[in-house]
Amino acid sequence: MNMDSNKTPDVVVVSGAGGFIGGHLVADLLRSGKRVRAVDKKPLHEWYQQHENAESLVLDLSSFDACQIAVRHACEVYNLAADMGGMGFIERHKAECMLSVLINTHMLAAAAEAGVGRFFFSSSACVYAAGKQQQSDVAPLREEDAYPAMPEDGYGWEKLFSERMCRHFREDFGLETRLARYHNVYGPSGTWEGGREKAPAAICRKVAEAKLSGRGEIEIWGDGEQTRSFMFIDDCVYGSRRIMESDFNEPLNLGSDELVSINQLVDIVEEIAGSKFRRRYILDAPKGVRGRNSDNTLIKEVLDWAPSISLREGMEHTYRWIWDQMIHGTAKSGHNFT
């Protein structure tokens, strides 16, 4: 589907708009006066956020025809669409994660065909070589640490391959691409149950369940000493837009550099909840690499900015939101926590 010659491209497309990050990004773009087309394959009633001022399309972007529809008259594309979740999902669904390369390939091809001005790809810290993430007191990961390549199996390989696709579409077809490697994004209006949730939401849910049920115990995957940095959604959205608007076309870390263990993350949530619980460690559960943290040297040089919202502040917002979902009976599992 070719763009009409007399139509000036002015639409900002967000794919994966029915998901956690996409929903927040659409809201931010609308607030800044952008004309937004929100696209996701989920039925509208399953979107985490719906925005009446956005054009909302239900399309399966693994199809090239659907991608052509999605990018028509687009000046910019934020490609966030992917089949993914937390560690419990990506360790057990490697083929499903890899199939997201169909989305990325077809979206790039459709964007190049349509003459899209800029294309943003949401990559992941899972692209980093496993050998650099074997200790809890891990050195922060620099952008060049993705090579020699040995990323997270399945999901990480899909992201690294798609980064290369972006590079070559820029080199061969002149499509301006921008790449952010997200480090563990969390916050309200995201997945918090069902198997695709990430550690911050999972810990919030477990603590809230223990408090509401009166149980004195919560379950922790692994020994709790594995380490991560976690970025609040507001920093993610702001940083994504700054990267899109910048002249820098190589991958950039987009993540907090506040390294904590999972046990320390639980400490924070327990403090917010005002309750302490026994911890039962499940040592054979999916747990990913031993340690991962973001080196923010390059993003500070490029943008004179880096994510700065503290984990304590972000988890306060996240826990309160998940608590509200639970006591108001919005759990998709059908559990009644009240």
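The values are calculated or read from the model by the stated rules, or taken from the named source; none is laboratory data. Small disclaimer: the values here were computed from a predicted structure and weren't measured. Counting neighbours? That spans all protein chains shown, and the Cβs are built from the backbone with ideal geometry, glycine included. Areas reflect the complete protein model, heavy atoms only, side chains present, ligands, DNA and RNA absent. Shrake-Rupley method; radii C 1.70, N 1.55, O 1.52, S 1.80 Å.
So in the range 231-277, with the set limited to residues that are within 15 Å of LYS300 (Cβ to Cβ) and of a type in the set (Phe, Trp, Tyr), which one is most open to solvent (accessible area, probe 1.4 Å)?
TYR238
For the condition in contact with a strand residue (DSSP E or B) (Cβ under 9 Å, 6 or more places away or on another chain) and not β-branched (Val, Ile, Thr), what is the one hit in ALA130, ALA111, ALA95, ALA149?
Of the residues listed, the single one that is in contact with a strand residue (DSSP E or B) (Cβ under 9 Å, 6 or more places away or on another chain) and not β-branched (Val, Ile, Thr) is ALA111.
If you go through the range 170-184 one residue at a time, how many are open to solvent by less than 10 Å² (accessible area, probe 1.4 Å) and assigned to a strand (DSSP E or B)? If you could, list the steps in order and put the result at the bottom.
At the first step, the residues of the range 170-184 found to be open to solvent by less than 10 Å² (accessible area, probe 1.4 Å) are 175, 177-181, 183.
The next check asks that each one be assigned to a strand (DSSP E or B); those that pass are 177-181.
Residues meeting the conditions: 5.
Which of the strands (runs of 3 or more DSSP E) found entirely inside the range 233-338 contain at least 2 residues meeting this: modelled with pLDDT of 95 or more, among the charged types (D, E, K, R) and within 26 Å of ASP137 (Cα to Cα)?
Strands (runs of 3 or more DSSP E) meeting the threshold: 278-282.
Hand me the list of strands (runs of 3 or more DSSP E) wholly inside the range 51-162 holding 3 or more residues that are under 18 Å from the mean Cα position of the chain (by Cα) and under 19 Å from VAL11 (Cα atoms).
74-79, 118-124
Give the range 73-113 a look and list any residue that's modelled with pLDDT of 85 or more, of a type in the set (A, V, I, L, M, F, W, C) and open to solvent by 10 Å² or more (accessible area, probe 1.4 Å), or say none.
Listed by number, the residues that qualify are CYS75, LEU80, ALA81, ALA82, ALA95, MET98, LEU99, VAL101, LEU102, ILE103, ALA109, ALA112.
Every residue, every condition in (1) farther than 30 Å from ASP247 by Cα; (2) polar (S, T, N, Q), yes or no:
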residue: TYR281; (1), (2): yes, no
residue: LYS287; (1), (2): yes, no
residue: SER294; (1), (2): no, yes
residue: ILE299; (1), (2): no, no
residue: TRP305; (1), (2): no, no
residue: GLY314; (1), (2): no, no
residue: HIS317; (1), (2): yes, no
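Starting from the range 239-252, keep only residues that are more than 17 Å from SER124 (Cα to Cα) and among the basic types (Lys, Arg), then list their pairs with residues that are open to solvent by 60 Å² or more (accessible area, probe 1.4 Å) and in a helix (DSSP H, G or I) whose Cβ atoms are within a distance under 9 Å, requiring at least 6 positions of separation or different chains.
Sorted first by the residue in the range 239-252, then by its partner, the list stays empty.
Within the range 202-224, is even one residue of a type in the set (Lys, Arg) and in contact with a strand residue (DSSP E or B) (Cβ under 7 Å, 6 or more places away or on another chain)?
Yes: the range 202-224 contains one or more residues that are of a type in the set (Lys, Arg) and in contact with a strand residue (DSSP E or B) (Cβ under 7 Å, 6 or more places away or on another chain).
Within the range 278-294, can you find the residues that are surrounded by fewer than 19 Cβ atoms within 10 Å (Cβ to Cβ), of a type outside the set (Lys, Arg) and in contact (Cβ under 8 Å) with a residue 12 or more places away in the chain?
Selection gives TYR281, ILE282, LEU283, ALA285, PRO286.
Answer yes or no: is there a residue in the range 40-57 that is closer than 21 Å to LEU175 by Cα, of a type in the set (Phe, Trp, Tyr) and modelled with pLDDT of 95 or more.
Filtering the range 40-57 for residues closer than 21 Å to LEU175 by Cα gives none.
No, the range 40-57 has no match at all.
So VAL14 passes all but one of these: (1) part of a loop (DSSP other than H, G, I, E, B); (2) at pLDDT 95 or above. Which condition number does it fail?
Only one criterion in (1) part of a loop (DSSP other than H, G, I, E, B); (2) at pLDDT 95 or above is unmet by VAL14, namely (1).
Could you tell me which numbered condition GLN135 fails, if it satisfies all but one of (1) touching a strand residue (DSSP E or B) at 6+ places or on another chain (Cβ under 7 Å); (2) open to solvent by less than 20 Å² (accessible area, probe 1.4 Å)?
With (1) touching a strand residue (DSSP E or B) at 6+ places or on another chain (Cβ under 7 Å); (2) open to solvent by less than 20 Å² (accessible area, probe 1.4 Å) applied to GLN135, the lone miss is (2).
When only residues in the range 114-131 that are of a type outside the set (A, V, I, L, M) and surrounded by fewer than 18 Cβ atoms within 10 Å (Cβ to Cβ) count, which is nearest to GLY288 (Cα to Cα)?
GLY131
Is it the case that ARG142 is crowded, with 20+ Cβ neighbours inside 10 Å, within 20 Å of LYS300 (Cα to Cα) and out of contact with any Cys (no Cβ under 6 Å at 6 or more places or on another chain)?
So ARG142 fails the test.
Select from the range 146-158 the residues that are in contact (Cβ under 8 Å) with a residue 60 or more places away in the chain and open to solvent by less than 10 Å² (accessible area, probe 1.4 Å) and list them in ascending order.
Once the filter is applied, which keeps residues that are in contact (Cβ under 8 Å) with a residue 60 or more places away in the chain and open to solvent by less than 10 Å² (accessible area, probe 1.4 Å), the range 146-158 yields ALA146, GLY154, GLU158.
Going by the structure shown, is GLY195 open to solvent by 20 Å² or more (accessible area, probe 1.4 Å) and either at positive phi or not in a loop (DSSP other than H, G, I, E, B) (or both)?
The answer is yes for GLY195.
So is GLU225 open to solvent by 30 Å² or more (accessible area, probe 1.4 Å) and part of a strand (DSSP E or B) or not?
no
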